[in-house]
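J.: Just dropping this structure here.
No lab work stands behind these numbers, since they all come straight from the coordinates. None of the values given here were measured: they were computed from a predicted structure. Using ideal geometry, Cβ is built from the backbone for each residue, glycine included, and neighbour counts are taken over all protein chains shown.
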Amino acid sequence: MPLILETIVTTTSPDGDLHLVPFGLIQDGADWVLAPFRPSPTILNLEANPVFAASSPSDIRVIAGAVTGRRDWGTVPCDRISGRRLADSFGHAEFEVTAVEPDETRPRYRGRMVHSAAHMPFFGYNRAQAAVLEAAILSTRLHMLPPEKILTEMRYHAIAIIKTAGPAEREAWDWIEDKVATALGRSDRILDEPAAAQ
Ligand SMILES: Cc1cc2nc3c(=O)[nH]c(=O)nc-3n(C[C@H](O)[C@H](O)[C@H](O)COP(=O)(O)O)c2cc1C
């Protein structure tokens, strides 16, 4: 399996509207592949404007927010491509699409990196941020996965939230918990379960 980096991808619609969503970028030699499932505004944007930026948010709420209807995060213009990228990020890269592998379910857009830059120091991994990332991905697969698998995995990730979250990570987790609870028709929260403290 290739290396995949989880990023915030920004694309621009034909009308000039910004579209900001999390995507895994798949490493392929010197290139990075973006593979959105249809239907997808990102696909429509790439067909019209075949460039994209990928940013590593310093605040995990950007990823949790983007999959829970909170997409109004600060952006700034890109350096080499026409478009915008996330403002508060450890770093970002800009890509031109050099090839498209058509597919009815999940086309692949090959991105050639034309620019990259670091914006702030990174000096430590955080388990709660990783847990939010995993929970955010789970929350985009609620229609594909059995509820028990979702809850089992969320219960495991909740341990890292209890032990290592700051206020931002906790808020991000709550957004995901609310989405999952609504989808599964639950009124209680995993973080409130006694087992979550283990
Ligand atoms: C960390 C993370 C990585 C994701 N990676 C992908 C991906 O590679 N492909 C995809 O179709 N959706 C992925 N998703 C789900 C999309 O963010 C979500 O479905 C979004 O609405 C897709 O944007 P679109 O509607 O423009 O296609 C990911 C979600 C998260 C939280």
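J.: Using Cβ counts within 10 Å as a stand-in for footprinting exposure, how do Glu134, Glu101, Glu169 rank, fewest first?
T.: Glu101, Glu134, Glu169
J.: Can you tally the net charge around Pro36? Count Lys and Arg as +1, Asp and Glu as -1, for every other residue whose Cβ sits under 15 Å from the Cβ of Pro36.
T.: My count for the surroundings of Pro36 gives 0.
J.: Just the ratio, please: alpha-carbon radius of gyration of region 1-45 over 2.2 N^0.38 Å, N its number of residues.
T.: This ratio for region 1-45 stands at 1.23.
J.: Out of all Cα-Cα pairs in the chain, roughly what percent, to the nearest whole number, are more than 25 Å apart?
T.: Distances greater than 25 Å cover 39 percent of the Cα pairs.
J.: Amide H of Gly83 versus every other amide H placed in the peptide plane: which residues, excluding those fewer than 5 positions away on the same chain, fall under 5 Å?
T.: Cys78
J.: Modelled label-to-label distance, Ser13 and Val76, 7 Å Cα→beta-carbon offset: nm?
T.: 2.6
J.: So, one more: Rg(Cα) of region 4-118 divided by 2.2 N^0.38 Å?
T.: Its radius of gyration relative to the 2.2 N^0.38 Å reference: 0.96.
J.: If you stretched the chain out fully between Ala181 and Gln27, how much longer would it get, using 0.36 nm times the residue separation minus the C-alpha to C-alpha distance?
T.: Gain in length upon complete extension: 52.1 nm.
J.: A further question on this structure: Sort 105-111, 76-82 for me by packing, meaning the mean count of neighbouring Cβ atoms within 10 Å per residue, highest on top.
T.: Averaged packing, sorted descending, gives the order 105-111, 76-82.
J.: What area, in nm² and to one decimal, does the C-alpha convex hull of region 127-197 cast on average over all directions?
T.: Hull-based average projected area comes out at 4.1 nm².
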